[in-house]
Amino acid sequence: MDTLMARPCRPTAPYCGEAELEHVRTLAEQAAEDLADASAEEVIRWAVDTFGARICVTSSMTDAVIIHLASAVHPGIDVVFLDTGYHFAETIGTRDAVEAVYPIHLVNVTPSRTVAEQDAELGPRLFGRNPDLCCYLRKVEPLERALAGYDAWITGVRRDETSNRRQSRVVEWDDRREMIKVNPLSTTAIPPSAARPARPGLRRARTRAAAGGPAPARPNAAFMPDRSWRPLRAGDGIWLEPAAPVDGLVWPSR
């Protein structure tokens with residue numbers, strides 16, 4: 001895992017000159033039309049063939065569906081995770097489990113200030129007093145810095161998630177960032193290949209801390225001994241549980 005300490009944002013874009021920008025905008029529009037009915041794997045293949053090493057996946061680790069698909073198409077792909085300093089232990093455990101199970105290069109992005117440094121400088125619980133500033137410092141700024149090293153990025157955005165995403169396309173041009181955004185799952189909930197992955201997908205393991213008991217020292221420890229997992233259920237994500245009981249984890253009921 002690489003950790004990228006985000007510094008204050010500076011204006012940056014991967015494309016230079018209006019002619020090149022127009023070319024890439026046209027590329028995005030054409031791809032959105034050509035790939036409108038394509039499978040998620042086909043969309044990812046187009047993105048990888050087009051941008052090579054200059055593309056990444058961004059993931060909040062809510063589930064591993066997009067990571068499962070992207071790593072199958074392009075093993076070793078960069079997966080950018082924004083570590084805000086406020087994540088639950090379960091989320092960090094899922095991040096570590098994903099890194100252990102999938103053939104990816106995890107890029108852990110952190111803000112320029114730790115939570116303690118931010119509290120000392122701006123006062124505690126900034127998220128409650130000025131949520132916009134807190135979001136900018138811990139999410140917007142670090143993500144902008146991380147994406148500056150790529151020409152395009154792949155997301156897990158789906159149209160059925162929120163009303164704001166109902167018009168999302170499989171390939172989009174982001175005017176603000178001047179980058180191409182790829183949404184392979186935008187037109188579907190879970191593609192058939194992700195429902196029964198060759199490698200496990202991971203979703204929402206609650207540690208005993210969430211159930212009122214002590215959390216394991218490493219939240220992901222249970223995921224790693226022999227990588228022996230079996231599907232629990234597939235719905236809006238992929239649930240898995242270990243093949244045998246593992247101390248320290250409480251799994252969702254069937």
Loop-resident trypsin sites (Lys or Arg not before Pro) in segment 97-169 with no more than 13 other Cβ atoms inside 10 Å, DSSP not H/G/I/E/B, are Arg125, Arg166
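Taking the square root of 5 times each eigenvalue of the Cα gyration tensor, what semi-axes in Å does the equivalent ellipsoid of segment 2-193 have, largest first? Intermediate results must be reported in sequence, preceding the final value.
Values: eigenvalues 159, 83, 50 Å².
Semi-axes from the Cα gyration tensor: 28, 20, 16 Å.
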Note, segment 174-182: 3J(HN,Hα) by Karplus (6.51, -1.76, 1.60, θ = phi - 60°), whole Hz, Gly/Pro = x, goes 9, 5, 5, 8, 6, 9, 8, 10, 10
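Readers should treat all values here as calculations from the given coordinates under stated rules, not as data from a laboratory. Given the structure is predicted, the values throughout are model-derived calculations rather than measurements. Neighbour counts run over all protein chains shown; Cβ positions are idealised from the backbone, glycine included.
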